[in-house]
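Trainee: First the structure, which I've put down as structure tokens, then a few questions once you've had a look.
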Amino acid sequence: DAGITQSPRHKVTETGTPVTLRCHQTENHRYMYWYRQDPGHGLRLIHYSYGVKDTDKGEVSDGYSVSRSKTEDFLLTLESATSSQTSVYFCAISGRDSNQPQHFGDGTRLSIL
Amino acid sequence: DQQVKQNSPSLSVQEGRISILNCDYTNSMFDYFLWYKKYPAEGPTFLISISSIKDKNEDGRFTVFLNKSAKHLSLHIVPSQPGDSAVYFCAAKGGTSYGKLTFGQGTILTVHP
């Protein structure tokens, strides 16, 4: 298994609160990604990173921000959570070039009440 | 605008038979295609991939076919086993996109003993 750890694995919170999800990798891979999975949509890219402090928006980035201060950690923040952000969030990494397959963590199930 | 589509939400097959999962795409810039398998409460696992310069790639029981003119790819599993029961996602990427993947909605495969 690729060394990817997501934390927390489950979280329940209230609308309007800030939430931060963490992705930690031990593979020293350059590329890291955050996706959300929702029924009928597959996985959709939220944000991605191509190096330390280098990040960009994906398909569904509104309401989310990210930070990558170290190669191994990629944080996803919901500044003010809304019920529409209830989802399962997956982190992925890929190797030294972007043509290698991405490998995924086991996900964080986030419920916003 | 769904650039990658899996039009069959589910597929049921008998153990030992062939499973064929289909995927269509619209973006002609896509040049690399992947299949992932996902079990409940786990992250997607990379299964097999194909570059646009090929029309077939095999790995054991799994074969992926690519028809570029039709913008269609398929995954064949022969013979199917009960342990293959999972959600299957096709994904695509193209050009200098930092490895960003666009996913289909997924197909739930059930293999009956």
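The values are calculated or read from the model by the stated rules, or taken from the named source; none is laboratory data. Here the structure is a predicted model, which means the values were calculated and not measured. Neighbour counts are summed over all protein chains in view; Cβ atoms, including those assigned to glycine, are modelled from backbone coordinates with ideal geometry.
Trainee: Being free of Cβ contacts under 8 Å to residues at least 60 places away in the same chain and under 15 Å from the mean Cα position of the chain (by Cα), is that true of even one residue in the stretch B:103-111?
Mentor: no
Trainee: Is the stretch B:51-68 home to any residue that is at pLDDT below 95 and either crowded, with 20+ Cβ neighbours inside 10 Å or within 11 Å of another protein chain (Cβ to nearest Cβ) (or both)?
Mentor: yes
Trainee: Can you find a residue in the stretch B:55-64 that is closer than 20 Å to residue B:102 by Cβ and part of a strand (DSSP E or B)?
Mentor: Checking the stretch B:55-64: at least one residue is closer than 20 Å to residue B:102 by Cβ and part of a strand (DSSP E or B).
Trainee: So how many residues does the stretch B:1-50 have that are closer than 20 Å to residue B:66 by Cα, more than 12 Å from every other protein chain (Cβ to nearest Cβ) and either small (Gly, Ala, Ser) or in contact with a helix residue (DSSP H, G or I) (Cβ under 7 Å, 6 or more places away or on another chain) (or both)?
Mentor: 3
Trainee: Looking only at the stretch B:82-105, filter to residues that are within 7 Å of another protein chain (Cβ to nearest Cβ) and modelled with pLDDT of 95 or more; which one of those is farthest from residue A:95 (Cα to Cα)?
Mentor: Among residues in the stretch B:82-105 that are within 7 Å of another protein chain (Cβ to nearest Cβ) and modelled with pLDDT of 95 or more, the one farthest from residue A:95 (Cα to Cα) is B:105.
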